[in-house]
Amino acid sequence: MVRRLFYRPYYLGSLLGAILAILSPPAATQQMRLSNIADLPLGRWSGVGDLTRDDDLCVYMNPPGRYRVTATGSGTAGAFWLSNGNAVLPYAARWNDSKGPGGNLLTAGVPLTNQSGANSQRDDCSLGGLTANISITITTSALFAARAGGYSGTLTLLIGPD
Amino acid sequence: MNAQSKIRLVAAISILSMSSIALAATQGSLGTTSTGISALDAQIPVFYKITDVADLHLGIFDGSGDMEQDDDVCVYSNDLGHYKVTATGSGAANAFTLTDGTHTLPYTVKWNDEDGTNGNASLTSGTPLTTQTGADQTEPDCTTLGNNANFQVTIAASAAIQRPAGDYTGTVTFVIAEDN
């Protein structure tokens, strides 16, 4: 008699746990996508002023939340450099977690955290619109100090949950 | 004889055309993280610049000595620091002459690709003086390294003494360009 009484509560607890597991769906895996990226031709320098170019991007995140972005250039150790094969031309990169240039300066290889405003409706932002911006600046002083020629490089952007 | 000369100088920039490089952005994929890549490029033409140019006041002829002035200037080039310089005057057919409105007063011009006049070379109006070196390759105003060229103007006493008294003025134009 005692033995059967002892097991009954334990059996009910296990049954309840199984029922709850069936009713509760598994935690959603956060999905992210960076898209609408364009190449950034900064053009031919006129001899006056900085060279600048920016691009509105799509950052998708679902479930919504905060994200981080890490940028690396194609220079040595991921430096933000363009190259003509012999010489380098440094640039600055800035990330904005909304459309249009602005936001925060990026440091190569260092995550910029606490970014918000990602699109959670469509992974190409075709609904809800673009949500971020990358801008590139080559300063006048850097341009004057560089040799004449064509310079090129790449900028890699990695987004992930924060 | 009273002679006064004033020389105004201008600068010129030579620009060559350049072509852009083929590009191809990479879009990120859907995942727990996402990576995109953008290609960047820029073109810097060959540039030259001459600055810190001053007017030259050669003063009042004393009746016996040459009248002479020189000026250190800054030459900038982003093309290995080499250049050629061509000077033209404001006289007929770009001659190196000043005028009082009626009479002309010839002068000579020399160029040095270092500051100061030591080792300078004579210029012929409209004829490039080639293989000049030492242009500043980092700053268009030579702020850090200082001026790196010089031009010198001389009015020979033998020319001045033959001219009526008066004020004689003119300009000399220097063009800095690529040394092909």
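The values are calculated or read from the model by the stated rules, or taken from the named source; none is laboratory data. Note that the structure is predicted; figures quoted are calculated from it, not measured. We place every Cβ from the backbone using ideal geometry, glycine too, and count neighbours over all the protein chains shown.
Might you let me know whether region A:134-157 holds any residue that is over 30 Å from B:Ile44 (Cα atoms) and either modelled with pLDDT of 95 or more or facing another protein chain (nearest Cβ under 7 Å) (or both)?
Scanning region A:134-157, I find no residue that is over 30 Å from B:Ile44 (Cα atoms) and either modelled with pLDDT of 95 or more or facing another protein chain (nearest Cβ under 7 Å) (or both), so the answer is no.
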Number of the exception - B:Ser125 against (1) surrounded by fewer than 17 Cβ atoms within 10 Å (Cβ to Cβ); (2) free of Cβ contacts under 8 Å to residues at least 40 places away in the same chain; (3) of a type outside the set (Asp, Glu); (4) touching a Phe, Trp or Tyr at 6+ places or on another chain (Cβ under 8 Å): (1)
For region A:44-54, the count of residues that are facing chain B (nearest Cβ under 7 Å) and either surrounded by fewer than 21 Cβ atoms within 10 Å (Cβ to Cβ) or among the polar types (S, T, N, Q) (or both) equals 2
So, in region A:65-97, how many residues would count as being loosely packed, with under 15 Cβ neighbours inside 10 Å and within 14 Å of the chain's Cα centre (by Cα)? 2
Go through region A:104-132 and count every residue that is closer than 20 Å to A:Gly73 by Cα and either within 12 Å of chain B (Cβ to nearest Cβ) or in a loop (DSSP other than H, G, I, E, B) (or both). 7
Can you name the residue in region B:131-180 that is in contact with a His (Cβ under 9 Å, 6 or more places away or on another chain) and assigned to a strand (DSSP E or B) and is also farthest from B:Asp115 (Cα to Cα) among such residues? B:Thr131
Lone qualifier among B:Asp66, B:Asp41, B:Asp79 - being at negative phi and more than 14 Å from every other protein chain (Cβ to nearest Cβ): B:Asp66
Can you tell me which residues in region B:96-114 are buried (at least 16 other Cβ atoms within 10 Å of the Cβ), over 13 Å from the mean Cα position of the chain (by Cα) and part of a loop (DSSP other than H, G, I, E, B)? B:Phe96, B:Asp100, B:Tyr107
Quick one: B:Ala25 ticks every box in (1) more than 7 Å from chain A (Cβ to nearest Cβ); (2) modelled with pLDDT of 95 or more; (3) surrounded by fewer than 18 Cβ atoms within 10 Å (Cβ to Cβ) bar one, so which box is it? (1)
